[in-house]
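Accompanying notes for the structure given below.
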Amino acid sequence: MNIWTIFKREFKNYFHSPIAYIFMIVFLGFMSFVFFFFLHFFLADDANMKVYFQAMPWFFTVFTAALSMRLWSEEKKLGTLELLMTVPIRSHEIVIGKYLAGLSVLAITLLLTVTVPITVAIVGSPDWGKIVTGYIGAFLAGALLLAIGSFISAMTENQVVALMVASVTGVLLMALGIQYVGAEVNNFFGEWKVGDFLAYFSPLNHLDTLDRGVLDLRDAIYFLSLTALALLLNHVAVERRKY
Amino acid sequence: MIDVKTISKRFGATVAVDKVTFTVEKGEIVGFLGPNGAGKSTTMRILTTYLIPDEGTAAVEGFDIVAQPQEVRALVGYLPESVPLYNEMRVEEYLYFIAQARRIPLRERARRVEAIIDRVGLRAVTKKNCGNLSKGFRQRVGVAQALIHDPPVLVLDEPTSGLDPQQIIEIRDLIRNISAEKVVVFSTHILQEIEAICKRIVIINQGRIAANGTPAELARKVLGGIRFRGRVQGGADEVRESLARLEGVRDVHVEQQNGTATFRLVFTKPEDPGLAFGRLAHEKGWPVLEASTEKSSLEDVYLAITRTR
């Protein structure tokens, strides 16, 4: 009930200002652009969506940072956090309500991209199984990045700082999964294999299996546990003000 | 009631609140007075569970602010100093949100929102965005959100700051009218305001309670007595002599002005100085032109306390 109260206000807030629309349109525009132009989709002989789903999480790093930047920083700046924290709603309910609002906008945006696989279906015969797992992966990766963004937003009063830090964090987290980056990190730390260890925490490696059309419980556990951790840190960041 | 016991709060090296203790009973309006940065807001934030004290305990209507914050929050209406409004929300929409957050049942929500809109005088701006309101209306929306759930305890941090005199009087009347059955704590640095509404004053300086009592009690304690002044028809010498002989009277100054004597004195006894003076004037048969307790007493108290560093 309390989560619903927070969710409703926060969700509406996305559409009170043009920011959500702008970022949604920019994101959708980029995705379509990538698909139809960069990949020479119409020239490819098989209706392969792999590259599309590989590109999506990279765009998500900025998109989710944009969705989460206001969540907490604006409350801090306006002083409304003081209001929110003195009504009979527990802080974890506020954390979850806000997060779910952002997640809903993310889900809506993802839903709007289905025009792409539909187009593919019209001109070719795509592997629907891979498209479904591709979407599951994209959603899970977006959910994780959004949770990280929300946590970062709770650490600052400045939306722009939140946007920047969250974007960079997202890109770094993704980059850890690139083989070349992992190898370089390994070299840097000598025989400790730090790169291999860090690579495990990158969404990239877990998306890989999903993009191949494989649903693995370990990947789901990875995304869900890391998302939960980010939200827990978010809660800690909010409660820290008390002391 | 509010019961605060030796709470302290530090931010890094600065001590914002230092062993503050006070109680506020039902039906009482208590004014927090003090210079900026004295610890008024921090004390209020602790009372409303926004902050946790480093030491000490506080209870609101018997609920502990640290152990039972949800219960405390449900009982308190709070207007923070920053007047927290969501700028992109319409006034009505904002009040509905607060009503829902305050868990006012759905079937009652519309009635409560409408009632508070009328009570606080927001009818003209219900469809406006909070971000486009004038300072006076912002403040009123802030007061409305604090009152919407009809809380038994009200904590208002500078409810009249930035308002014009007419608006100040309106907010003042509002506070006075709702206070009969409630516990009200509010802060200000306008001295006249506190004299106009509060039964009791708590002066906070450098994180500590420097004084706590009715304006008369504070005047007696800090200035050694209440200032009283008047003008009677009669000779200055006789007036001076008679007044000085009254019990509890100090520092008598008299000036002669065309057959009348204007006097000022300090009255140290706990009774009303007007009563003692009235008896004397009656006994002496002095026609009294004017006589009153000096309103500036509180200002002197305040300055005397906050100047000592």
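Since every read-out is calculated from the coordinates, none of them should be taken as a lab result. Predicted model only: the values in this text are computed from it and were never measured. Using ideal geometry, Cβ is built from the backbone for each residue, glycine included, and neighbour counts are taken over all protein chains shown.
Which of B:Ile65, B:Ile117, B:Leu85 sits farthest toward the positive end of the charge dipole of the range B:33-148, with +1 on the Cβ of Lys and Arg and -1 on the Cβ of Asp and Glu?
In the range B:33-148, that residue is B:Ile117.
Separation between the A:Val171 and B:Glu271 pseudo-spin-labels, each 7 Å from Cα along Cα→Cβ, expressed in nm?
If labels sit at A:Val171 and B:Glu271, their model points lie 8.3 nm apart.
Could you state the orientation-averaged shadow area of the convex hull built on the Cα atoms of chain B, in nm² to one decimal?
That works out to 19.2 nm², a quarter of the Cα hull's surface.
Whole number please: convex hull volume per residue, Cα atoms of the range B:7-123, in Å³.
Convex hull volume per residue, Cα atoms: 150 Å³.
Consider all pairwise Cα distances in chain A and report the whole-number % of them above 34 Å.
When all Cα pairs of chain A are counted, 20 percent exceed 34 Å.
Among A:Lys242/B:Lys40; A:Lys242/B:Lys221; A:Lys8/A:Lys76; B:Lys5/B:Lys221; A:Lys76/B:Lys128, which pairs are too far apart, with a Cα-Cα distance over 27 Å? Please list the in-between numbers first.
On the way: A:Lys242/B:Lys40 16 Å; A:Lys242/B:Lys221 36 Å; A:Lys8/A:Lys76 19 Å; B:Lys5/B:Lys221 23 Å; A:Lys76/B:Lys128 23 Å.
From A:Lys242/B:Lys40; A:Lys242/B:Lys221; A:Lys8/A:Lys76; B:Lys5/B:Lys221; A:Lys76/B:Lys128, over 27 Å: A:Lys242/B:Lys221.
Treating cross-link reach as a plain straight distance, find the aspartates and glutamates whose alpha-carbon is under 20 Å from the alpha-carbon of B:Lys26, omitting any fewer than eight places away in the same chain.
The reachable aspartates and glutamates, counting only those whose Cα sits under 20 Å from B:Lys26, are B:Asp3, B:Glu61, B:Asp64, B:Glu71, B:Asp150, B:Asp157, B:Asp173, B:Glu181, B:Glu195.
Counting each pair of different Cα atoms once, what's the Kirkwood radius of the range B:141-208 in Å, rounded to one decimal?
12.7
If you average the sequence gap of Cα pairs under 8 Å that are 6 or more apart and divide by the length of the range A:1-152, what percent do you get for the contact order? Numbers along the way, then the final one.
Numbers: 112 pairs, mean separation 63.9, N = 152.
Relative contact order for the range A:1-152 comes out at 42 percent.
Report Rg/Rh for the range B:215-309, rounded to two decimals, where Rg is the Cα radius of gyration and Rh the Kirkwood radius. Don't skip to the end; give the middle numbers.
Working: Rg = 13.8 Å, Rh = 13.7 Å.
Ratio of gyration radius to Kirkwood radius for the range B:215-309: 1.01.
Before anything else, pin down the relative contact order of chain B: Cα pairs under 8 Å, at least 6 apart, normalised by residue count, whole percent. Mind dumping the intermediate values first?
Details: 588 pairs, mean separation 59.0, N = 309.
Once normalised by length, the contact order is 19 percent.
For a protection proxy built on the mean count of beta-carbon atoms within 10 angstrom, sort A:4-17, A:179-192 highest first, please.
Listed from highest to lowest mean packing, they are A:4-17, A:179-192.
Counting DSSP beta bridges with both partners in the protein assembly as shown, what percentage is antiparallel, nearest 5?
Taking every DSSP beta bridge with both residues in the protein assembly as shown, the antiparallel ones total about 70 percent.
Work out how far the C-alpha atoms of the range B:57-97 reach from end to end along every principal axis, then list the three figures in whole Å, largest first.
37, 20, 13
Quick one: plug the Kirkwood hydrodynamic radius of the protein assembly as shown (C-alpha pairs) into Stokes-Einstein at 4 °C, 1.567 mPa s, and report D in µm²/s.
46
Just checking the output field for B:75-83: average partner chain Cβ neighbours within 10 Å of each residue's Cβ?
Averaged over the peptide's residues, the number is 3.
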